[in-house]
1. Looking at Glu64, Glu97, Glu68 in this structure, which one is surrounded by fewer than 12 Cβ atoms within 10 Å (Cβ to Cβ), acidic (Asp, Glu), within 15 Å of the chain's Cα centre (by Cα) and farther than 18 Å from Ala25 by Cβ?
2. When you go through Thr58, Thr90 one by one, which is the residue that is among the polar types (S, T, N, Q) and closer than 18 Å to Tyr39 by Cα?
3. Quick one: is Glu17 in contact with a helix residue (DSSP H, G or I) (Cβ under 9 Å, 6 or more places away or on another chain) and at pLDDT 95 or above?
4. Assess whether Val45 counts as being assigned to a loop (DSSP other than H, G, I, E, B), within 24 Å of Val11 (Cα to Cα) and modelled with pLDDT of 95 or more.
5. Can you go through Ala76, Ala32 and tell me which one is modelled with pLDDT of 95 or more and exposed (fewer than 15 other Cβ atoms within 10 Å of the Cβ)?
6. Restricting the search to the stretch 50-99, which residues are within 27 Å of Ala12 (Cα to Cα), without any contact (Cβ under 8 Å) to a residue 60 or more places away in the chain and in a loop (DSSP other than H, G, I, E, B)?
7. Tell me, please, whether a residue that is assigned to a helix (DSSP H, G or I), basic (Lys, Arg) and closer than 19 Å to Trp85 by Cβ can be found in the stretch 6-26.
Amino acid sequence: MAIRHVITIRVAPGKAEEFAGVFKAVQATARAEEGCEQYELFRGVDDPDTMVLLERWTNQELLERHMEAERSRDSAAMDALVALWAPGVTPTIERFEVG
């Protein structure tokens, strides 16, 4: 069964454009991975410093493989994204099965 992640990220004030630019490298890598059906970033209309990442993976196993790959590969792009998060605000991750 497909798995959907909805990740809400609050970026530092005024850093949304920079975050979106850095995200493109992470996105390209994820989209090339087996099982990635969607890996897309959205910017809040009412609050432009709020970003939502929608991920859809073919199944839990491939999602877990992706998450392990993110932890083990060169982390420069991911570190650059984390550096743009709003200080003291941890992203929220919601997980859903897609029926």
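1. Glu68
2. Just a single option satisfies the conditions, and that option is Thr58.
3. Judged against the criteria, Glu17 is not a match.
4. It is true that Val45 is assigned to a loop (DSSP other than H, G, I, E, B), within 24 Å of Val11 (Cα to Cα) and modelled with pLDDT of 95 or more.
5. Ala32
6. Arg73, Asp74, Ser75, Gly88, Thr90 - these are the residues of the stretch 50-99 that are within 27 Å of Ala12 (Cα to Cα), without any contact (Cβ under 8 Å) to a residue 60 or more places away in the chain and in a loop (DSSP other than H, G, I, E, B).
7. The answer is yes, given that some residue of the stretch 6-26 is assigned to a helix (DSSP H, G or I), basic (Lys, Arg) and closer than 19 Å to Trp85 by Cβ.
The values are calculated or read from the model by the stated rules, or taken from the named source; none is laboratory data. Since the structure is predicted, the reported quantities are computational estimates derived from the model, not experimental observations. Cβ: placed from backbone, ideal geometry, glycine included. Neighbour counts: every protein chain shown.
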